[in-house]
Structure formats: C-alpha cells, structure tokens
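S.K.: Okay, handing you the structure first.
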Amino acid sequence: MKHILLAAMIAHSALSITPAMASGADNNLTVAFPRELESLDAYQNSSRGGVILARHIWDGLMYRDPASGKYVGNLATEWRWVDDKTLEFNLREGVKFHNGEAFNADDVVFTMNYIADPANAVKPQRNASWIAGAEKVDDFTVRILLKEPFPAAFEYLAGPVVIYPNEYFSEVGTEGMGTAPIGTGPYKVTGQKQGERIDLKRYADYHSDSPKGKASIEEITWRFIPETNTQFAELISGGVDWIWQVPADQAERFKTLGDFVVSNESTMRIGYIGFDASDRYGDTPFDDVRVRRAVAHAIDRQGIVDSLLKGASIVVNSACFPSQFGCEQDIPTYDFNPEKARELLTEAGYADGFETPFAAYRNRDYAEVMMANLSNVGITTSLNYLKYAALRDKVQNGEIPFQFMTWGSFSINDVSAITSNFFKGGKDDYARDPQIIEWLTEADSITDAARREELYSMALKRIAEQVYWLPLFSYNTNYIYGAGLEFTPTSDEIPRFFNASWK
Amino acid sequence: MTEQTINAPETGGPSWAAQLRQRIFGHLGLTIGGGILTLIVLCALLAGVIAPHDPYVQELTNRFASPVWMDGGGWDHILGTDHLGRDYLSRLLYGARISLLIGIVAALISGMIGTIMGVSAGYFGGKVDAVVMFLITVRLSMPVVLVALAVVALFGGSLFVVVTVLGLLLWDRFAVVMRSCTMQIRDLDYITSAKALGCSTPRILLTEIMPNVLNSLIVVVTLEMAHAIVLEAALSFLGLGVQPPLPSWGLMISEGKDMLLFEPWLITIPGVALFTLIFAINMLGDGIRDVTAPENRN
C-alpha cells in the first residue's frame, strides 16, 4: 500500500518537472536500452541491443542501405557468385581495426571459419549455420563457401555477420572480445560497467569510404534502464537523450509535453493467431476450417490497430511482413464480420459456441480485446498468459491449441525467415500441410528468384485460404528523443547512431 | 458456564446485550471500521445493480477517459475508463467482490486448518503439540509470497488457485493464537468440572473451549482477511493472481502502472480502494479485540 501511494506521489511530482533537455552542446549522446547484454562479443549475444551495438563497433563485408534497401560494399568492394555455393569478395584496402591491426583477407577467412565451426557455438546459430568455411585467394580476395545454395546470404553478410580481427581475437578469445571489443566500426568501446553502461567514442580513423558514413556524435553513453517509467523520468530530467519502443499511449502523451520528437516507424514484427489445425494438441474445434475462418471474421484487427497499436502499424493478411521478399499480397482476406463468424460457427456445428484455452505472452491488452471479440461470437476463451520462453516451448511441444504470438523474422527481409519457420513441418508448424511443406522446401533451397516467388505465392495463398494462421497486424516502434537531435528511424529496428547528429 | 453467565448482572443494571451495544458504538475505531466495511460489502453485493456499466464491455474509442473531477472528465464514466475503455467505477465495484471473496474464503480455509491444529495442540499437549509446533515452524520458514508465486506459476493463475493457495498458507497465526488461548483455559475449573461430569472430548472442545477462544479467533480472522486481500493484490499485480478480464484491484493497479507518469489516477483509485478496505478491516479487528477483551468488561 505504502509503495503504491508513494509511487503515485512521485508520479505527480514528476509531471511538474519542466523537461531539462540535454542541449547536445558537448556533442555527446546518451541512449537507454531496457536489457543489459550478456556479452559485448557480437557472436555471443543474440539480443536486440547486442545486434545494434555490433553495427556500431564492427563492419560487415556488405551493408544494406536502409533508404534504398540495396546491398552495397563495406569491407568488401566487389563480389560475384563463382557458382551457387561459392561467393568471391574483393576486400577494401587500407582499413584498420581500433587497435591498429590492418584489415585483410586473413581476418575474413578467420572470422568465417570461426563462426562456421559449430564447436564455437555462435549465438544465434542461424547467422552462421549456412557457412561451410572460407578460403583466401590473395591478401584482399576471399571466397566464402556455402553448405548449400542460400538465397538470403547477402542479408546476413550485410547484417549480423561482422568481421573480427584475427590476431587480437586469437589472443584474447571470446572473453576478451566481450570485455574489450575491437572492430573496424565507426565507434570504439572505451569502457563499460556491467549491467549499467557502455561508453563509446567515435573512431577517428574510420574508413572514409564506408557506406555507414562519417559519424557526427563524439561520445555515446549506452545506458541500461529496465523500467519504462524510469526511462521516461530520465528522459524528462535530461539523464538520457534517446529512448525507443515506447508504447503508443505514452508516446502520445510525450508529444503533448513538447521539447521531444516522437517518431514512429514500422517494424518487421507481426502478430498472429496460431491454431491447432493438425491435431498436434488434440481434437479441437480448430480442425474445421470453418471455425478458423469464423475466428478470422470475429477479430476486429483494424479496430485493434486504430485504437491500440496506432502509428505505422497495418493489418496484415498474408503470413509474412509485406516488405519481405516473396510476401504475396494477392490472397483471400477476411473482414471483421461477427455475423458471418456466427454463421460459420453454426455451419460447423458450434451454434452455441465452444470453450477453449487461449495463450499469449505479450500485449495482454490486445489479447483481451481479441477475447472480447471472440466471446461476442460465442467462443469463450480462458487466457493463459506465460513468459515467452515458456510459451514457445509449450507451442513447440504441441501443448497449445490456440495462441496469440508474434514473430520478428530477425529483421531478415525474406519470407524464408517467417513462413518457412512456421509451415515447413518444423516444431512451430501446427498445419503440417504436406503440399505447403513441399513448396517451401523447394523455395528455400534454390536461388532462382522468379521460381521462389511463385512457390512462396502458392504456399501463402493456401495458408490464407485454409486459415492455418490468422496474421493480425504489424508492430511499430516509437522513438522519443530531444528536439535537437537529428535521427532517422529505420524499419529494420536497428537505430544507427553513427548517422545521428545534433542540430 | 461461561464468563458471561458468571458476570451476568442481577442488580437491575443495563442488560448484557445493552452493555455490549454500548461498548460497540462507544468504540470509535470499531464504528468507523465496521461502517466502511459494511459499505464496501454492500457495494460488492449490489455491484450488479449500482454499477453504471458492464465491467467487461470494452469501448476502444474511449480509452483513458478522465475521472469526473479532472479536465475532460464526464458523469458518464465517473471514475474514467481504463486502457481498454472499460468503466473504472464498475470495475472497482466488481473488483470489491473479488477482494472480499478472496479475503473471506482464504480466511475461512486457513481459519479452519489453524484452529483445528491450534486447539488440538493446546488441549492435548504432548506429542500432538510437538507435531503441530513442528508444522508451524515449517510453515513459518516458508515465505508466503514466494511459495504462492511458485504454486501459481506451476498451476497457472486463476481465482480458484489463488484462493486455495492463500487458504492453505495463512493458517500459522490461527494455529499459534488458538494454541496459546486453549492452553490458558484448558486447566480452568469449568473444564475440569466438565471432564468430571463425563463429557466427551469433542463436546468439551466444541462447547467449553471454542466459545472462550472465539473473540481471539475473530481478531485473527480480520487480520488474515486483510493479509489475504493484500497478497491477492500483490500476486495479481505480478500477473500471477486473478487473470484478466476479471476485475481485481491488484490487477487494475498493474494495468495502470504503464501509465504511471501520465495518468496516475489509474493507480491511485484502486490503490485508495485497497487501502480503505484494509484499513476498515484492521480497525474492525482492533475494535473487536478492545470490546471483547476481558479487561474492558465491567
């Protein structure tokens, strides 16, 4: 009780504080992230914060320009497919790591062979599991060997696969890399306090031809603040300059405070409802396609987007994020129509509705709206609200008949990162449709773009027609920062502080 | 037989009932606590009649409507609406049902367990006492919130699970108090007389012991009721108690937490309600103790 009243009092007094903005006069930036990192070693860290930090400390061979979506060279200048399992790169000359070590083919070969070796347990494995190894052609030419044709290779080489300095890393190992990382990236780490902060300083000798551009901010302080209300208080009092992933309601309130820029950008994450259509859980009403269609008609997806998600979110109909390669949009769709839903349920023999468990792990408010929508057509749900890891395991073990979950595709702009994960017969597949499995298996193993598109299109049409999944909506992220900061959010959810500057 | 009969006035003064009434209404804390509690119980019982809206109906276009005393508030939603556009007053009224239900049922279950254990230990002594004391020690060495969290995490949160877990965990104080009360009276003359008359043990326990430990029992009941209500709120706040969309005060505080900086009334309102309920129950318990304590009788 006492805590609650105290908290309320603090809240009242916090509002009366006039925002004390960091002016940016010293050209430094303080950013806040909710979760601390397991390690600074980019290959021992799968969290979003670690992915973002890695782009600042290291460079990849390639870079995907966020504005055009095109792959451009970073540590590589040119590349070509020797055959469909061999990629050859010409490397950039004159690049130096933060510790002065010169960058050359040895670093690339070392890094590729290191991450390709399962014994080194790179996290997450999918970043490296497609690489067989690498060989040096000459000092500035390397070949990367693939295990099998892998259409999304560029996406990884422009993203999570960053190049390590072979001499330094051989000497200090993953532990040394975790505490004192060395890369070629636009920022170098000057210090860290575990669980509290990481200090970054602009790398003065950053190679000038980099597509990442020359950084403007001199020093970045990377703080870990788990509690959102604390983040807000820090932002208002000037303790941090930049926060993100702010829920829509709070972001709207910040707009009214003034002195802050609230920008909103779509993310690749989509929400979906999964059904036990193949009896993995047991005999459920969801075996009947009419029941699944009824659910699709019962849920007011547009209403949820308009009232709760807001921003750049849209209703998603296909089982993928619209910008992803192969994400067919010409598919059967289901409008919000409770009357139709009731008819379909009656047809399926559930005129009086039925009861079912319903599981979710985030956005309990969205889940509650869906539950109200479902109860409106006669489907009574009991919510089973679990932690993500717990729900994921239960789903993968076939213990959940009906669930609201989300998938971020690891920001990989290709449907193989989402549709194939859920419909290729794997642990997450509750449809187990042999036809779809066949199409997706073929599409994932060839490089012919037109044929891939055609196969994905057939699979996505069938998924929508059978409602094996009910895709709901895309998520968005709100970024809030001081009005003096120039910052452009991107849809891959990787804030690029090396492109930010103070006005 | 009981103290009351012993003290029964034969001198023509006010009757025993009149004295009791005078003591009750003369006690400020008891009157205030009892009054507030009666009001809350009435609100809970009549929630279906007096609640202005259905507590489950969502109105997504009217979320976070302000309470009537704030800018933009209106009489349609006197206490405003929550993050899903549900009427806050209606949820508060229905939430009172949940809180009281949990308080009463948990106190009943734990009261039964604790009283049986405590009275047996106090009356029989010896090995029974040793076993009961051991169980009490075991129970006291387990932190209630942690055990409740673990059990709820294992079996999933629901009203039934929360009530059962709290009922099975909160008997320690009953047992301790009942044990010492029984020990104090078990060797008194009227018990010995009853034994001499050949009364059976159950009869002695029920008609001789129980009426004389009842006042202490009532006080413990009020304390444990308050305890159970606060624990339910804590569990619901942590997302492990009563599951949505059931309106629970702890859950309402938890749901309002995200808007702490901007709409603090979302937390203040259920917080004040919870505070008032606990305050009333504790005042009532205090009052009952004062009124029934032997030194306050003439």
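S.K.: When region A:445-462 is examined, which residues are found to be within 22 Å of A:TRP130 (Cα to Cα) and in contact with a Phe, Trp or Tyr (Cβ under 9 Å, 6 or more places away or on another chain)?
M.R.: A:SER445, A:THR447, A:ALA449, A:ARG452, A:GLU453, A:LEU455, A:TYR456
S.K.: Quick check on A:THR284: is it open to solvent by less than 20 Å² (accessible area, probe 1.4 Å) and of a type in the set (Val, Ile, Thr)?
M.R.: yes
S.K.: Please count how many residues of region A:53-102 are in contact (Cβ under 8 Å) with a residue 60 or more places away in the chain, of a type in the set (Val, Ile, Thr) and surrounded by fewer than 19 Cβ atoms within 10 Å (Cβ to Cβ).
M.R.: Residues flagged as in contact (Cβ under 8 Å) with a residue 60 or more places away in the chain, of a type in the set (Val, Ile, Thr) and surrounded by fewer than 19 Cβ atoms within 10 Å (Cβ to Cβ) within region A:53-102 amount to 3.
S.K.: Which of (1) more than 10 Å from chain A (Cβ to nearest Cβ); (2) farther than 30 Å from B:PRO211 by Cα; (3) open to solvent by less than 10 Å² (accessible area, probe 1.4 Å); (4) at pLDDT 90 or above does B:ILE281 not meet, given it meets every other one?
M.R.: (2)
S.K.: Are there any pairs with C-beta distances below 7 angstrom linking a residue in region A:302-315 that is in contact (Cβ under 8 Å) with a residue 24 or more places away in the chain and within 10 Å of another protein chain (Cβ to nearest Cβ) to a residue that is outside any helix (DSSP H, G or I) and open to solvent by less than 10 Å² (accessible area, probe 1.4 Å), with the two at least 6 apart or on different chains, and if so which?
M.R.: Partner pairs satisfying both residue conditions: A:ILE304/A:PHE473.
S.K.: Condition test on B:LEU266, is it open to solvent by less than 20 Å² (accessible area, probe 1.4 Å) and within 14 Å of chain A (Cβ to nearest Cβ)?
M.R.: yes
S.K.: Can you tell me which residue among A:ILE273, A:ILE299, A:ILE331 is within 29 Å of A:ALA450 (Cα to Cα) and either in contact (Cβ under 8 Å) with a residue 40 or more places away in the chain or not assigned by TED's automatic domain parsing to the domain that holds A:PHE358 (or both)?
M.R.: Going through A:ILE273, A:ILE299, A:ILE331 in turn, the sole match is A:ILE331.
S.K.: Let me ask something additional. Identify all residues within region A:212-265 that are more than 10 Å from chain B (Cβ to nearest Cβ), in contact with a Leu (Cβ under 8 Å, 6 or more places away or on another chain) and among the charged types (D, E, K, R); write none if there are none.
M.R.: Scanning region A:212-265 gives A:GLU219, A:ASP241.
S.K.: OK, next. Name the residue, out of B:LEU149, B:LEU100, that is farther than 12 Å from B:LEU231 by Cβ and assigned to a helix (DSSP H, G or I).
M.R.: B:LEU100
S.K.: In addition: Would you mind stating whether B:VAL165 is touching a residue at least 12 places away in the same chain (Cβ under 8 Å) and over 23 Å from B:ILE40 (Cα atoms)?
M.R.: Here the answer is yes, as B:VAL165 does meet what is asked.
S.K.: Name the single residue, out of those in region A:40-52 being open to solvent by 20 Å² or more (accessible area, probe 1.4 Å) and in a loop (DSSP other than H, G, I, E, B), that is farthest from A:ASP138 (Cα to Cα).
M.R.: A:SER47
S.K.: Within region B:41-53, restricting attention to residues that are modelled with pLDDT under 90 and either open to solvent by less than 40 Å² (accessible area, probe 1.4 Å) or within 12 Å of chain A (Cβ to nearest Cβ) (or both), which residue is nearest to the chain's Cα centre (by Cα)?
M.R.: B:ALA47
S.K.: Conditions: (1) out of contact with any Lys or Arg (no Cβ under 7 Å at 6 or more places or on another chain); (2) open to solvent by 20 Å² or more (accessible area, probe 1.4 Å); (3) within 27 Å of A:SER313 (Cα to Cα). A:PHE422 meets all but one. Number of the miss?
M.R.: It fails just one condition, (2).
S.K.: Which one is farthest from A:THR184 (Cα to Cα), of the residues in region A:205-233 that are of a type in the set (Phe, Trp, Tyr) and under 22 Å from the mean Cα position of the chain (by Cα)?
M.R.: The selected residue is A:PHE224.
S.K.: Okay, next question. What's the total number of residues in region A:214-251 that are assigned to a helix (DSSP H, G or I), open to solvent by 30 Å² or more (accessible area, probe 1.4 Å) and in contact (Cβ under 8 Å) with a residue 24 or more places away in the chain?
M.R.: 4
S.K.: Count, please, the residues in region A:174-206 that happen to be touching a residue at least 40 places away in the same chain (Cβ under 8 Å) and open to solvent by less than 20 Å² (accessible area, probe 1.4 Å).
M.R.: 11
S.K.: Right, another one. Tell me, yes or no, whether region A:437-444 has at least one residue that is surrounded by fewer than 23 Cβ atoms within 10 Å (Cβ to Cβ) and in contact (Cβ under 8 Å) with a residue 60 or more places away in the chain.
M.R.: So far as region A:437-444 goes, yes, one or more of its residues are surrounded by fewer than 23 Cβ atoms within 10 Å (Cβ to Cβ) and in contact (Cβ under 8 Å) with a residue 60 or more places away in the chain.
S.K.: Any chance region A:129-144 includes a residue that's under 25 Å from the mean Cα position of the chain (by Cα) and among the small types (Gly, Ala, Ser)?
M.R.: yes
Here is a yes/no grid of residues against (1) under 30 Å from B:VAL132 (Cα atoms); (2) within 14 Å of chain A (Cβ to nearest Cβ):
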residue: B:VAL165; (1), (2): yes, no
residue: B:TRP171; (1), (2): yes, no
residue: B:ALA175; (1), (2): yes, no
residue: B:VAL230; (1), (2): yes, yes
residue: B:LEU251; (1), (2): no, yes
residue: B:ASP258; (1), (2): no, yes
residue: B:PHE262; (1), (2): no, yes
residue: B:GLY271; (1), (2): no, yes
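S.K.: So A:GLU171 ticks every box in (1) part of a helix (DSSP H, G or I); (2) touching a residue at least 12 places away in the same chain (Cβ under 8 Å) but one. Which box is left unticked?
M.R.: Going through the list (1) part of a helix (DSSP H, G or I); (2) touching a residue at least 12 places away in the same chain (Cβ under 8 Å), A:GLU171 breaks only (2).
S.K.: Which is touching a strand residue (DSSP E or B) at 6+ places or on another chain (Cβ under 9 Å) and within 30 Å of A:ALA359 (Cβ to Cβ), of B:GLY157, B:GLY167?
M.R.: B:GLY157
S.K.: Can I ask one more? List the number of the failed condition for A:GLN125; all other conditions in (1) more than 28 Å from A:PRO495 (Cβ to Cβ); (2) free of Cβ contacts under 8 Å to residues at least 12 places away in the same chain hold.
M.R.: Failed condition: (1).
S.K.: Hey, could you check region B:247-260 for residues that are closer than 20 Å to A:THR256 by Cα and open to solvent by less than 10 Å² (accessible area, probe 1.4 Å) and say which is farthest from the chain's Cα centre (by Cα)?
M.R.: This residue is B:MET259.
S.K.: What residue, among those in region B:54-67 that are under 20 Å from B:TYR94 (Cα atoms) and without any contact (Cβ under 8 Å) to a residue 60 or more places away in the chain, is surrounded by the most Cβ atoms within 10 Å (Cβ to Cβ)?
M.R.: Out of the qualifying residues, it is B:GLN58.
The values are calculated or read from the model by the stated rules, or taken from the named source; none is laboratory data. Here the structure is a predicted model, which is why all the values come from computation and not from measurement. Glycine gets a Cβ as well: all are built from the backbone with ideal geometry, and neighbour counts include every protein chain shown. To get the accessible areas, we keep the full protein, side chains included, count just its heavy atoms, and leave off ligands, DNA and RNA. Shrake-Rupley method; radii C 1.70, N 1.55, O 1.52, S 1.80 Å.
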